[in-house]
1. Of all residues in the stretch 74-88, which are more than 20 Å from residue 160 (Cα to Cα) and within 12 Å of the chain's Cα centre (by Cα)?
2. Only residues that are farther than 30 Å from residue 235 by Cα and in a loop (DSSP other than H, G, I, E, B): list them for the stretch 29-51, please.
3. Would you mention how many residues in the stretch 57-84 are assigned to a loop (DSSP other than H, G, I, E, B), touching a residue at least 24 places away in the same chain (Cβ under 8 Å) and farther than 15 Å from residue 136 by Cα?
4. Looking only at the stretch 40-65, count every residue that is touching a Ser or Thr at 6+ places or on another chain (Cβ under 8 Å) and on the phi > 0 side of the Ramachandran plot and tell me the total.
5. Picking from 218, 211, 186, 246, which residue would you name as being closer than 21 Å to residue 134 by Cβ and touching a strand residue (DSSP E or B) at 6+ places or on another chain (Cβ under 7 Å)?
6. Kindly list, by first and then second residue, each pair from a residue in the stretch 92-112 that is over 20 Å from residue 41 (Cβ atoms) to a residue that is basic (Lys, Arg), limited to pairs with Cβ atoms under 9 Å and residues at least 6 apart or on different chains.
7. Only strands (runs of 3 or more DSSP E) wholly contained in the stretch 104-201 count here; list those with 1 or more residues that are closer than 24 Å to residue 37 by Cα.
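The values are calculated or read from the model by the stated rules, or taken from the named source; none is laboratory data. Keep in mind that this is a model prediction, so the values were computed, not measured. Positions of Cβ are generated from backbone atoms using ideal geometry, with glycine treated the same way; all protein chains shown enter the neighbour counts.
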Amino acid sequence: MKFNRRWISLRLVLVLVILSSTALSAYVLLSPPRRWQYGVTYTVDNRGISSIADGDGGVTRTVDAITSTDAWNGAGTGTRVSASAGSVSGWSLGDGTPMLNFQDPVSACTGNCLAATFTGYYNGSTHYITDADIVTNSSGFSWTSQGEDPGGSGCSNEFYIEGVEVHEVGHGLGLDHTNVSSATMYPYINSCDNSTASTESDDNAGLQALYNCTPYGYICDPRYVSGVVCCPGTSCHSPYFGVPQYCL
């Protein structure tokens, strides 16, 4: 079984280079921090990938993986990701309709890049994400799924679509790359390795920091509420003299 190390992700169309593999016990949030107000719903490209021989080109396996409780929906913040198969013919960056495309119509993901997430669409005041499209370098590599090669059996120099797209959805939720090599958000992956389809403690802690908090615009004034932790990117203060404090 051959293993090749590849970039798993391209963020904001710029490769984030990790110079050291030394593990750090800390997640990394996108900068500035941002999150969905409630959660994200992805349309997963119903064309699939032709090299994945599991009945529908990896479509069902991808939908199941990114919505699994083994991944982000089991990270301790409730259900944050919904998805269904559908057409991506209307794919357009920044249109407010998150799509997971099994192709790359803007040629953003080349070379060692397996997939890319466009994370630059968010409200500058609330820091709520408004769009987070994903593209896949399906023509540059050989792909498989757990439906075709369960548990690695039969896999040879192929990349599991489930683990790659779970990583990308992590970017879509607001997470950057981590140096923790066992985490889903680590920026490299080996062929025939689907371990990133299940999030680890570092991933879960990052998601909890973004979503288990009081978001923009909610009251945090200790005179009226207690124990409030404002979400990253906001702080508890009064916008005007005499007005209660809010997470702003």
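1. Filtering the stretch 74-88 for residues more than 20 Å from residue 160 (Cα to Cα) gives 74-80, 82, 86-88.
Correct list: 80 only.
2. Those that are farther than 30 Å from residue 235 by Cα and in a loop (DSSP other than H, G, I, E, B): 46, 47, 48, 49, 50, 51.
3. Step one: filter the stretch 57-84 for residues assigned to a loop (DSSP other than H, G, I, E, B), giving 57-58, 67-71, 75-80.
Within this subset, residues satisfying the condition of being touching a residue at least 24 places away in the same chain (Cβ under 8 Å) are 57-58, 68, 70-71, 75-80.
Right, trim to farther than 15 Å from residue 136 by Cα and you get 68, 70-71, 75-80.
So the count comes out to 9.
4. Residues in the stretch 40-65 being touching a Ser or Thr at 6+ places or on another chain (Cβ under 8 Å) and on the phi > 0 side of the Ramachandran plot: 2 in total.
5. Values: 218 fails: closer than 21 Å to residue 134 by Cβ; 186 fails: touching a strand residue (DSSP E or B) at 6+ places or on another chain (Cβ under 7 Å); 246 fails: closer than 21 Å to residue 134 by Cβ.
Being closer than 21 Å to residue 134 by Cβ and touching a strand residue (DSSP E or B) at 6+ places or on another chain (Cβ under 7 Å) holds for just one of 218, 211, 186, 246, which is 211.
6. Partner pairs satisfying both residue conditions: 103/47; 112/5; 112/6.
7. Numbers: elements: 115-117, 129-131, 134-136, 188-190.
Once the strands (runs of 3 or more DSSP E) in the stretch 104-201 are filtered for at least 1 residues that are closer than 24 Å to residue 37 by Cα, what remains is 115-117, 129-131, 134-136.
Per-residue answers, yes or no, for (1) touching a residue at least 24 places away in the same chain (Cβ under 8 Å); (2) among the aromatic types (Phe, Trp, Tyr); (3) on the phi < 0 side of the Ramachandran plot:
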site	(1), (2), (3)
152	yes, no, no
201	no, no, yes
217	yes, no, no
227	no, no, no
233	yes, no, no
245	yes, no, yes
